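Participant: Here's a structure for you.
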Amino acid sequence: MGERARVTEEDELFLRLDRPGEPWSVHAEVWVGGKLDAERLQSALGAAMERHPMARASLSGDGAWAIADNAKPTLEIADCALEAELDRLRERVLSSTPSLQEAPPFSLMLVRCPGRDALILNLNHGVGDGIGAFRLLASILRAYAGEPDPLPDVDPLRMRDLREFAGRRTVTDRLRRIRERSENREKESGPPVRVASATRRSQGVGGLHLLRLAPDKLERARARRRAPATFNDLLLASLAIAVRGWNDERGIPPAPILLTVPVNIRPSDWSGELIANLAATLAVSIPPGAQTDLDTAQLAVAERTQRLKAQDFAEMLASGGVIPVWVRRLLGPLLPAPSEESVETAVLSNVGRPELPARLGPDVPVEALWFSPPVRMPAGLALGIGASKAGLFVTLRYGPELFDADAAESFSARFLDALLGG
């Protein structure tokens, strides 16, 4: 019999969010120049699963994670002749959440395209976040390349619990301050605006639009940052400006834009490790007066993100409005109930620069990486951000009731214009 692990409250939250038509899974993808050997890749997948217990996890009948001693790795292989075919294959992979009835809790597709191969990972969010998804991909690629794959000297099952980083006592010590912050935020900002819908379809599971900023354009974007704003603050400000301009064109009255931002809370010495849900979520509200000028917007965002990050973990969660089950159980009626008005305008999630091999062979460079978190209406819009030496990679993921492919392309162009300045 294999190991067992506790389903954390964060796992439970993401498991409950999954539903048909709105799969709650994490997308991670890499493109390589040249061709991958399928048999060798299958072997590398098996080796990576051996290194990560949660890559062999399923959900047992009593509500615990069951870690299989031997889980059969499954690699799907497809061919595409055109970019549009790759887009359709990606959407098909992400159209459902990988089952937890048996291991593994993810799916992996190798897509052979002219001039390159794409490797698309779909990870059940109940098992791990974007950092965890890329950690699994890193192990697969390192095994394929024959590179070392060191792991931190920590228990990978025990340390995936957020309570290892924030004790319950910190919550009960600050109930009054949390309640006051929640009440004040509602009074000051009001309900957030929605992104105006522009679609000719309302069924399916949405789609993705990919944007790549070459290193020169990335430097151009970085040059527009104004201290004390971080580059992530700049991205948030650009998204807010894009939303405002998009809505203005469609006659939507200005209102606060609420952007949620997952923040990796893994310790700095293993910040890219573990297949787990180890993130707190900031909610950044940008008022109408700071939504039309990039300098004003990024400074408004910076003021809010710095204030939220200065709070301890429990206060950060409560102020962000995205609260794990165990926190809600403790706070009970002191916290406002989730409502349509408290749902964010959009999500921006940044996995930083995942540590992936530069090459998988002499003629197989790793050329691009893509990432996106799940989306759910009524927000229906998320930006996934990743970076490498090749530049910045932005994935716009959207719900079918919000955008179609043309609208997603148009909105993405507006975001780039806000970020780069036209």
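Participant: With the condition kept exactly as written, say whether any residue in region 400-408 is within 13 Å of L213 (Cβ to Cβ), within 19 Å of the chain's Cα centre (by Cα) and open to solvent by less than 20 Å² (accessible area, probe 1.4 Å).
Facilitator: no
Participant: Also, I was wondering about something else. Only one of (1) β-branched (V, I, T); (2) surrounded by fewer than 19 Cβ atoms within 10 Å (Cβ to Cβ); (3) farther than 30 Å from R160 by Cα; (4) within 24 Å of the chain's Cα centre (by Cα) fails for I77. Which number is that?
Facilitator: Evaluating I77 over (1) β-branched (V, I, T); (2) surrounded by fewer than 19 Cβ atoms within 10 Å (Cβ to Cβ); (3) farther than 30 Å from R160 by Cα; (4) within 24 Å of the chain's Cα centre (by Cα) leaves (4) as the failure.
Participant: Working only within region 375-399, note down all residues that are within 22 Å of V193 (Cβ to Cβ) and open to solvent by 10 Å² or more (accessible area, probe 1.4 Å).
Facilitator: V375, R376, M377, P378, R397
Participant: While we're looking at this one, here's another question. Take the residues in region 107-141 that are of a type in the set (G, A, S) and farther than 13 Å from A48 by Cα; name whichever of them is most open to solvent (accessible area, probe 1.4 Å). Break it down stepwise before answering.
Facilitator: At the first step, the residues of region 107-141 found to be of a type in the set (G, A, S) are 107, 115, 118, 126, 128, 130, 132-133, 138-139.
Going one step further and asking which of them are farther than 13 Å from A48 by Cα, we end up with 107, 115, 118, 126, 128, 130.
Working: S107: 41, G115: 65, A118: 0, G126: 0, G128: 0, G130: 9 Å².
Applying the filter and picking the extreme gives G115.
Participant: Looking at the structure I just gave you, is D69 open to solvent by 10 Å² or more (accessible area, probe 1.4 Å), touching a residue at least 60 places away in the same chain (Cβ under 8 Å) and within 14 Å of A57 (Cβ to Cβ)? Steps first, please.
Facilitator: Details: open to solvent by 10 Å² or more (accessible area, probe 1.4 Å): yes; touching a residue at least 60 places away in the same chain (Cβ under 8 Å): yes; within 14 Å of A57 (Cβ to Cβ): yes.
So D69 passes the test.
Participant: Are any residues in region 89-117 part of a loop (DSSP other than H, G, I, E, B), without any contact (Cβ under 8 Å) to a residue 40 or more places away in the chain and over 14 Å from W31 (Cα atoms), and if so, which ones?
Facilitator: Matches in region 89-117: S99 only.
Participant: May I pose another question? Do you know which residues across region 262-278 are of a type outside the set (K, R) and either assigned to a loop (DSSP other than H, G, I, E, B) or without any contact (Cβ under 8 Å) to a residue 24 or more places away in the chain (or both)?
Facilitator: Within region 262-278, I265, P267, S268, S271, G272, E273, L274, I275, A276, N277, L278 qualify.
Participant: Identify, please: which residue in region 230-243 is in a helix (DSSP H, G or I) and β-branched (V, I, T) and is, among those, most open to solvent (accessible area, probe 1.4 Å)?
Facilitator: I241
Participant: Related question: State yes or no: is A227 assigned to a loop (DSSP other than H, G, I, E, B) and either touching a strand residue (DSSP E or B) at 6+ places or on another chain (Cβ under 8 Å) or open to solvent by 30 Å² or more (accessible area, probe 1.4 Å) (or both)?
Facilitator: Working: assigned to a loop (DSSP other than H, G, I, E, B): yes; either touching a strand residue (DSSP E or B) at 6+ places or on another chain (Cβ under 8 Å) or open to solvent by 30 Å² or more (accessible area, probe 1.4 Å) (or both): yes.
When the stated conditions are applied, A227 passes them.
Participant: For the condition of a type in the set (D, E, K, R) and at pLDDT below 95, what is the one hit in R16, R56, R51?
Facilitator: Details: R56 fails: at pLDDT below 95; R51 fails: at pLDDT below 95.
Step by step, each of R16, R56, R51 is checked, and only R16 is of a type in the set (D, E, K, R) and at pLDDT below 95.
Participant: Touching a strand residue (DSSP E or B) at 6+ places or on another chain (Cβ under 9 Å), open to solvent by less than 60 Å² (accessible area, probe 1.4 Å) and in contact (Cβ under 8 Å) with a residue 60 or more places away in the chain: is that true of I286 in this structure?
Facilitator: no
Participant: May I ask you to say which residue of R40, R135 is under 17 Å from L157 (Cα atoms), touching a residue at least 60 places away in the same chain (Cβ under 8 Å) and not β-branched (V, I, T)?
Facilitator: Of the residues listed, the single one that is under 17 Å from L157 (Cα atoms), touching a residue at least 60 places away in the same chain (Cβ under 8 Å) and not β-branched (V, I, T) is R135.
Participant: Follow-up question, since we're still on this one. What single numbered condition from (1) more than 20 Å from G128 (Cα to Cα); (2) touching a His at 6+ places or on another chain (Cβ under 8 Å) fails to hold for A38?
Facilitator: Every listed condition holds for A38 apart from (2).
Participant: What number of residues within region 285-332 are among the aliphatic types (A, V, I, L, M) and at pLDDT 50 or above?
Facilitator: So the answer is 10.
Participant: Turning to a different aspect of this structure: Based on what the data block shows, is R19 in contact (Cβ under 8 Å) with a residue 24 or more places away in the chain and either open to solvent by 40 Å² or more (accessible area, probe 1.4 Å) or within 17 Å of P104 (Cα to Cα) (or both)?
Facilitator: no
Participant: For region 244-265, what are the residues that are among the basic types (K, R) and surrounded by fewer than 22 Cβ atoms within 10 Å (Cβ to Cβ)?
Facilitator: First, the residues of region 244-265 that are among the basic types (K, R): 244, 250.
Within region 244-265, just R250 meets the criteria.
Participant: Mind telling me which of the residues L369, L356 ends up being part of a loop (DSSP other than H, G, I, E, B) and over 22 Å from G245 (Cβ atoms)?
Facilitator: Values: L369 fails: part of a loop (DSSP other than H, G, I, E, B).
The conditions single out L356.
The values are calculated or read from the model by the stated rules, or taken from the named source; none is laboratory data. Just so we're clear, the structure is a prediction, and the values are computed from it rather than from any experiment. A quick note on method: Cβ atoms are made from the backbone with ideal geometry, for glycine too, and the neighbour counts reach across all protein chains shown. Surface accessibility is based on the protein's heavy atoms, side chains included, excluding ligands, DNA and RNA. Shrake-Rupley method; radii C 1.70, N 1.55, O 1.52, S 1.80 Å.
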